[in-house]
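The values are calculated or read from the model by the stated rules, or taken from the named source; none is laboratory data. None of the values given here were measured: they were computed from a predicted structure. With ideal geometry, Cβ positions are generated from the backbone for all residues, glycine too; neighbour counts draw on all protein chains shown. To get the accessible areas, we keep the full protein, side chains included, count just its heavy atoms, and leave off ligands, DNA and RNA. Shrake-Rupley method; radii C 1.70, N 1.55, O 1.52, S 1.80 Å.
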Amino acid sequence: MTNNELVWIIFLLPLSSFLINGILITFTKFNTRTISGPLNVSTIGLSFLICLFILINGIGSNFDYQSGSFQWFSFGLFEITMGILLDPLTLIMITVVTGISFLIQIYSLAYMEHDEGYSRYFTYMALFTTSMLGLVFSKNLIQLFIFWELVGATSYLLIGFWFNKQSAIKAAKKAFLMTRIGDFGLIIGILLIAKQGSQYLDITQFYIAVQNGIFTTEILTLIGLLVVIGAIGKSAQFPLHNWLPDAMEGPTPVSALLHSATMVTAGVFLIARMFPLISAIEIVSSTVAYIGGFTLIFASTMALVSNDIKRVLAYSSISQLGYMFLALGTGAYGAAILHLFTHAWFKALLFLGAGSVGHAVHTFDMTKMGGLKDHMKITYWTMMLSAISLIGIFPFSGFWSKDEVLLGVSKDSNILFLMGLFGVILTGFYMTRMMLMTFFGDFKGGESGIEEKSLHESPKFMIYPMIILAIPSVIIGFFVSSPIDLGVIDKHMMVSFLDHNKLVFPDLHHHEIKFNFLLAIVSSLLALSGILIAIFTSRSKLDLKFARKILENKYYLDYLYEEIITENLFYRRFVKLLDYIETNFIDKASHILSNSLKWASNKFAITQNGQLQIQSITFFIGLLIIIAGYFSWLYLGGN
């Protein structure tokens, strides 16, 4: 069986789970609770095993890209194809998507056990996984956009899963509308490519066209910036970042999948997929880099003061995605995807850990937690390991990918490099603060005055996936980015594998990737300094009220977007203006026209009264008008 055939199976397995669950829920009275969860676990788990098989066989060899497509529809010379594109980027992404999703489905069996929407939840999750896989596999940009929108639509359903809560409804709408801004930019960019020729909608053909200079610089610049707008919206980068912290209203396993392997990583994937375009135009690559650099600091500062554990992790995701944008914008293609890969495992674990804590104390407010490390030892240790990895402490996974990003950035821009280093300090601070508030000190009683002696560890189906995720969170970074050869594993294996993507880098000359010990020491010291500052401030009475107020209000950007722009300018001004125009111009013009026609109709009705002499006169006048019109036409030069 070929890789292309295996890829179709990977895609069809979670799709079949969605269809079976969806049909049973919609058209039958069958109690789907008994099969919906296990069905997701089995189908997505099997997809993950197939992905591992393809990845292990591909990464250990001189892997060349594989693709296959078929005609979807055509009209005239315009043809749209659909197909599979399997390259190193695809291999890494499908492994992350299926692997993380598989473990989250297992976790969800216990987390969602008593929820009324249990089967509906697993139906949506199967579609979410399927949509992301379809996006990653896509060979045609129209095909990619279809799955891009499916990812957005499914995230809307999952963020608003508890639709009886007004906060969930609001968060879902906010996410849907803000990402639509980016999607509008992306579809315009795709249409501009289509205008140059439908053959360039095929991603492999588009690469060749960019590399051979078929497009003008102006067109490439415009297309590139529009694609970047799409990625900014999906990956919640500034200024379209506001929706992601509010997206925490959905079930916690949804947040884990959304932040680690699907929705928000789709924007990074898009930049990586369109990398020949991004890297070809300096203004486009610089835009990506500086937006990433600014966002990683901007989001981190808001995480410094947030008291909701899931929101802290949400701001952390925005910041870490900023690192990936920063790497891609400075040409560190392999380092960006390496960081996406390692980040997926420990960020999924952190969210599942937050869900475990919330399951015990019935709140995500860290001011009502504290003292949990002795009562939830497995949750504590797995979250501690993942937090250390996110901070980037040697030898955890995050250390290796973070240093690859910083090394790549250091070769391009000193300003961006300093931004990345400052982000390391902030990461150390907010993650340490989160762990201190959640697990140390005295227990604060939870949501409704829970007795400390009643606290207990989460069910096994929640704990086992967390233990499994802790393993890659600690060691996978070293194995895929080791500075030395490990026998069957080459040094810097993943970055080298990605950088030798013949589609993206057809003229790449082999270059040795070197580990920078000085940079590793500096970044580690900065991470430790962030940890120490957090510990010191937790014991002191230092309280910068003005700065805290700004950060707690998220730089007042929510107020700007929701109150000033949406409520004031749009609804109260613009919509009111449209209403005035409609009432006083359009409606009045319509009434005048209808009244005029009614008046004319009444006047001409006399000609249809049945009297022969009146009808003869009407016929004669009509004939004169036709003859006069004909001669006038001839006089004016008609043929």
Pick from segment 193-203, criterion of a type outside the set (Phe, Trp, Tyr), within 26 Å of the chain's Cα centre (by Cα) and open to solvent by 10 Å² or more (accessible area, probe 1.4 Å), ranking: farthest from residue 264 (Cα to Cα): 194
Residue check for residue 212: free of Cβ contacts under 8 Å to residues at least 12 places away in the same chain and surrounded by fewer than 24 Cβ atoms within 10 Å (Cβ to Cβ): yes
Total residues in segment 99-117, condition among the hydroxyl-bearing types (Ser, Thr, Tyr) and open to solvent by 20 Å² or more (accessible area, probe 1.4 Å): 1
Scan of segment 512-562 for residues that are open to solvent by 40 Å² or more (accessible area, probe 1.4 Å), among the acidic types (Asp, Glu) and over 26 Å from residue 391 (Cβ atoms), ordered by number: 512, 562
Verdict on residue 565 being in contact (Cβ under 8 Å) with a residue 40 or more places away in the chain, closer than 27 Å to residue 311 by Cβ and open to solvent by 60 Å² or more (accessible area, probe 1.4 Å): no
Lone unmet requirement of (1) open to solvent by 50 Å² or more (accessible area, probe 1.4 Å); (2) within 30 Å of residue 107 (Cα to Cα); (3) free of Cβ contacts under 8 Å to residues at least 60 places away in the same chain for residue 467: (3)
Some residue of segment 515-522 being over 33 Å from the mean Cα position of the chain (by Cα), among the aliphatic types (A, V, I, L, M) and over 30 Å from residue 334 (Cβ atoms): no
Boolean, residue 256 is buried (at least 24 other Cβ atoms within 10 Å of the Cβ), hydrophobic (A, V, I, L, M, F, W, C) and either out of contact with any Pro (no Cβ under 9 Å at 6 or more places or on another chain) or within 25 Å of residue 167 (Cβ to Cβ) (or both): yes
Unmet criterion (only one of (1) under 12 Å from residue 155 (Cβ atoms); (2) not in a helix (DSSP H, G or I)) for residue 257: (2)
Failed criterion for residue 36 (all others in (1) more than 26 Å from residue 274 (Cα to Cα); (2) open to solvent by 70 Å² or more (accessible area, probe 1.4 Å) hold): (2)
Failed condition for residue 444, given (1) under 28 Å from residue 393 (Cα atoms); (2) open to solvent by 90 Å² or more (accessible area, probe 1.4 Å); (3) in contact with a Gly (Cβ under 6 Å, 6 or more places away or on another chain): (1)
Helices (runs of 4 or more DSSP H) completely within segment 274-368 that count 3 or more residues being in contact with a Lys or Arg (Cβ under 9 Å, 6 or more places away or on another chain) and crowded, with 24+ Cβ neighbours inside 10 Å: 309-329, 333-361
Failed criterion for residue 372 (all others in (1) open to solvent by less than 10 Å² (accessible area, probe 1.4 Å); (2) in a helix (DSSP H, G or I); (3) of a type outside the set (Lys, Arg) hold): (2)
